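Below is one structure, written out as structure tokens, with a few remarks after it.
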Amino acid sequence: MHALSIQPELILSRAKLRRDENRLDEFDDIVDLLTDYRCNNSEETGNLILFIADACMGENHLWQDMGLDSRDVLSKLMQTHFPQLFAKNTGNMKWKKFFYKQLCERADIMICKSPTCGVCVDYNLCFGAEDADS
């Protein structure tokens, strides 16, 4: 499935079924983050923002919850539609973790257990390979 082929009505109806009432602020924060970094105001990009935010509420890797074939496909979508946000992910952090790290930075909340990610005990949870089994 290609994220851009999803109709907005389907995104919103699926989102309402899956989204926990306690996470509505979280959904809105991700929408705001992506909106701030979008490359244009097109309907396609707006739909993609909703689709990504909805998929962030899922339990798997973001690319899996979006129904994409791989993390590389998601990274290409990010580079195309959110190039400045893509450029901020200099360490190739997993996208969902990266979004939440950005949200914490916006709120001046430190989430790293160490002064730098490279020495954090959770490094492998945030960085590294993502396959269908992990």
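Restricting attention to segment 20-70, the residues that are out of contact with any Ser or Thr (no Cβ under 8 Å at 6 or more places or on another chain), of a type in the set (D, E, K, R), crowded, with 17+ Cβ neighbours inside 10 Å and modelled with pLDDT of 90 or more add up to 1. Residues in segment 30-79 that are within 15 Å of GLU130 (Cα to Cα) and assigned to a loop (DSSP other than H, G, I, E, B): GLU59, ASN60, HIS61, MET66, GLY67, LEU68, ASP69, SER70. Among residues of segment 80-134 being of a type in the set (Gly, Ala, Ser) and outside any loop (DSSP other than H, G, I, E, B), the one that is modelled with the highest pLDDT is ALA87. Sub-7 Å Cβ pairs linking a first residue in segment 58-79 that is at positive phi to a second residue that is of a type in the set (Lys, Arg), at least 6 apart or interchain, number zero.
The values are calculated or read from the model by the stated rules, or taken from the named source; none is laboratory data. The model shown is predicted, which means the values in this text are computed figures rather than measured ones. For neighbour counting, all protein chains shown are included, and Cβ atoms are generated from backbone atoms with ideal geometry for every residue, glycine included.
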